[in-house]
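Working notes, structure below.
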Amino acid sequence: MNAWPESPTWLAAASEPQRDTPTSCELLLHALPEPPDAAWLAARLHPQELQRWRGMAWPKRRREWLAGRLCAKSALRPWLSASEAAPDRLLIGCDALSRPCLPGSPLHLSISHSRRRAMAAADSAPLGLDTELHEAVRAQSLEMLISADESALTAQQLGLSIHEARTVVWCLKEARFKCQGQGSFVSLAQGWRLVGWSSDAQPRWSRQSAWPPAPAGRHWHVRLHINEHEACALVHTRPGAAPFEESRHAC
């Protein structure tokens, strides 16, 4: 588990994606100009995206949506040619499950934001990303999705406070749903039961909640990040067979 910096992290345009590592980008919302002027927006958004941005009534929604789109374009950049990656030509769309995607491309994309930070990740295989503030998941009503046992196990085994652990479990289930879920997040999150963590911070699920088969020649992997304000979970796949311990516990 790693901490991430407070300053925005932008992927270098010249960096080459590696087969086993999704490319990603994050941006603190306060780093955006407020309000952005027309020329600034036109240089960064496809005309259809710009039209959508203008149609949003709430400034908060505009800001979060814009930050997510900018992060997505930066995360996609290493996978594309210079002309394809030009921000004002690059259109981020949605697939049949309403997940963000690059229309006509086999690449996979996930976007998330809290009230503080936007993030995005891209890969050649399925992935899911989620980030949230600790304060946003304190409601007692969320125990229908994040059980007290799951939070307690996560706090004990990862060395977190109970509030941090709740955020980690929430983000993990949200990221898993974005990656491979169909239908209702609530019903799936209630059915996925976390029973522990490995020494390398990989989740262990009950057999009834096991991961579905990964794409051929790959296995599921989770990356966690946390700081004093928020947590993030990235669910993706890595090349190779699943580790023995993971298979034995039906993760």
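The values are calculated or read from the model by the stated rules, or taken from the named source; none is laboratory data. Keep in mind that what you see is a predicted model, and the values were worked out from it rather than measured. Here the Cβ positions follow ideal geometry from the backbone for every residue, glycine too, while neighbour counts run over all protein chains shown. The area values use the complete protein model at the heavy-atom level, side chains included, leaving out ligands, DNA and RNA. Shrake-Rupley method; radii C 1.70, N 1.55, O 1.52, S 1.80 Å.
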Could you tell me which numbered condition Gly128 fails, if it satisfies all but one of (1) under 25 Å from Lys173 (Cα atoms); (2) under 19 Å from the mean Cα position of the chain (by Cα); (3) open to solvent by 20 Å² or more (accessible area, probe 1.4 Å)?
-> (3)
Selection from the range 207-225 of residues that are polar (S, T, N, Q) and open to solvent by less than 20 Å² (accessible area, probe 1.4 Å) | Ser209
Taking first residues from the range 161-188 that are within 21 Å of Pro213 (Cβ to Cβ) and second residues anywhere that are small (Gly, Ala, Ser) and surrounded by 24 or more Cβ atoms within 10 Å (Cβ to Cβ), the pairs with Cβ under 7 Å that are 6 or more apart or on different chains are Leu172/Ala233; Ala175/Gly128; Ala175/Ala233; Arg176/Gly128; Phe177/Gly128; Lys178/Ser110; Lys178/Gly128; Cys179/Gly128
Any idea how many residues of the range 226-241 are of a type outside the set (Val, Ile, Thr) and open to solvent by less than 40 Å² (accessible area, probe 1.4 Å)?
-> 8
Can you name the residue in the range 45-72 that is of a type in the set (Gly, Ala, Ser) and surrounded by fewer than 17 Cβ atoms within 10 Å (Cβ to Cβ) and is also nearest to Ser114 (Cα to Cα) among such residues?
-> Ala57
Considering Ala75, Ala13, which residue is at pLDDT 90 or above and either of a type in the set (A, V, I, L, M, F, W, C) or open to solvent by less than 70 Å² (accessible area, probe 1.4 Å) (or both)?
-> Ala75
Quick count over the range 168-198, residues being open to solvent by 20 Å² or more (accessible area, probe 1.4 Å), hydrophobic (A, V, I, L, M, F, W, C), part of a helix (DSSP H, G or I) and closer than 20 Å to His225 by Cα, is 2
Quick one: how many residues across the range 189-227 are farther than 18 Å from Asp123 by Cβ and touching a residue at least 60 places away in the same chain (Cβ under 8 Å)?
-> 3
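Checking the conditions here, which among Pro22, Pro36 is at pLDDT below 95, farther than 30 Å from His236 by Cα and not small (Gly, Ala, Ser)?
Going through Pro22, Pro36 in turn, just one is at pLDDT below 95, farther than 30 Å from His236 by Cα and not small (Gly, Ala, Ser): Pro36.
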Ala42 vs. criteria aliphatic (A, V, I, L, M) and surrounded by fewer than 15 Cβ atoms within 10 Å (Cβ to Cβ) = yes
Segments classed as helices (runs of 4 or more DSSP H), wholly inside the range 35-88, with at least 2 members that are in contact (Cβ under 8 Å) with a residue 60 or more places away in the chain and closer than 18 Å to Pro100 by Cα = 59-76
Is there a residue being of a type outside the set (Phe, Trp, Tyr), buried (at least 22 other Cβ atoms within 10 Å of the Cβ), within 17 Å of the chain's Cα centre (by Cα) and under 24 Å from Pro212 (Cβ atoms) anywhere in the range 89-109?
-> yes
Over the range 136-149, the set of residues open to solvent by 20 Å² or more (accessible area, probe 1.4 Å), in contact (Cβ under 8 Å) with a residue 12 or more places away in the chain and within 20 Å of Arg115 (Cβ to Cβ) is Ala136, Arg138, Leu142
